[in-house]
Amino acid sequence: MHSLSSKKWEYKLRGASCTSLYFDYMTNLKHIIATTLLLSSLVSFGQSKISTQEAFKKTSNKKVQLLDVRTTEEYGKKHLKNAVNINWISKDNFEKETSKLNKKKPVYVYCLSGGRSSKAAQYLTEKGFNVFEIDGGIMQWEADNLPLEDSKINLSGLKLDKYKSLINSHPIVLVDFYADWCGPCKEMAPMIERIAKSYKDKVKVVKINVDENSTLTKQLGITGIPKLYIYKKGKESWSMSSLTDYETIEKALK
């Protein structure tokens, strides 16, 4: 038989137990809500993966915000059309350059297979960007037989700032200013093609038609063609304003 006082203690213990359970319930509920909000924020910001096929359609516009977060050497060998190279490993520069992006427009990100792009996508998402990571990176892109820009590039309507970006996009860049009507340019074309093939892993070859880039030609002070430039780490190391031979170009590249 229980005394009145023992029943009171029993009720107190039951009350304490209920209070403890309620406290645990509320604590767990808060964790669940916090996790849900975090996940929903990631979804709302759009940190999503996108297939290579879908990315190919989405990134065909020249005004697209498409980031190649690999090294300049990797980018120079091959990259997606319209991609801008911002190396994820160079954190300070990555933060500086990506701060210039438009948060009102989606950002597409890729690397070789996904390791660096996933980290870059997470960083950009936390900064408030709507990010789409290209699933599988450039390896999956190639596996799906989608087109790539390689070390030999043909450009038109190039502006000076883009030209400067281009000559800084690879450790060694060979620029060939030419015209379709230029006899010496035609004679030199096989040499440039040979350089592009022989040094495809070391040299980025850029062919620029002067008729399609008259403004840039004037800005660079080019008055005659063929005109060749070699840039090493963004700085001009050699130039030639007339017809030359393969050996001379090859020597200048070394």
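The values are calculated or read from the model by the stated rules, or taken from the named source; none is laboratory data. Here the structure is a predicted model, which means the values were calculated and not measured. Neighbour counts run over all protein chains shown; Cβ positions are idealised from the backbone, glycine included.
Per-structure values
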item	result
Selection count, the stretch 207-236, where residues are within 16 Å of residue 179 (Cα to Cα), in a strand (DSSP E or B) and not aromatic (Phe, Trp, Tyr)	5
Wholly within the stretch 45-136, helices (runs of 4 or more DSSP H) carrying at least 1 residues that are farther than 28 Å from residue 234 by Cα and over 10 Å from the mean Cα position of the chain (by Cα)	52-58, 115-126
In the stretch 222-248, the residues that are among the β-branched types (Val, Ile, Thr) and either out of contact with any strand residue (DSSP E or B) (no Cβ under 6 Å at 6 or more places or on another chain) or farther than 10 Å from residue 172 by Cα (or both)	222, 223, 225, 244, 248
Exclusive hit being among the hydroxyl-bearing types (Ser, Thr, Tyr), at pLDDT below 95 and assigned by TED's automatic domain parsing to the domain that holds residue 201, set 169, 113	169
Condition broken by residue 174, with the remaining ones in (1) within 18 Å of the chain's Cα centre (by Cα); (2) outside any loop (DSSP other than H, G, I, E, B); (3) not charged (D, E, K, R) satisfied	(1)
Which numbered condition residue 52 fails, given (1) touching a helix residue (DSSP H, G or I) at 6+ places or on another chain (Cβ under 6 Å); (2) modelled with pLDDT under 95	(2)
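Rundown of residues vs (1) at pLDDT below 95; (2) hydrophobic (A, V, I, L, M, F, W, C); (3) surrounded by 16 or more Cβ atoms within 10 Å (Cβ to Cβ), yes/no style:
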residue	(1), (2), (3)
150	yes, no, no
163	yes, no, yes
178	yes, no, yes
190	yes, no, no
194	yes, no, no
198	yes, no, no
212	yes, no, no
229	no, no, yes
243	yes, yes, no
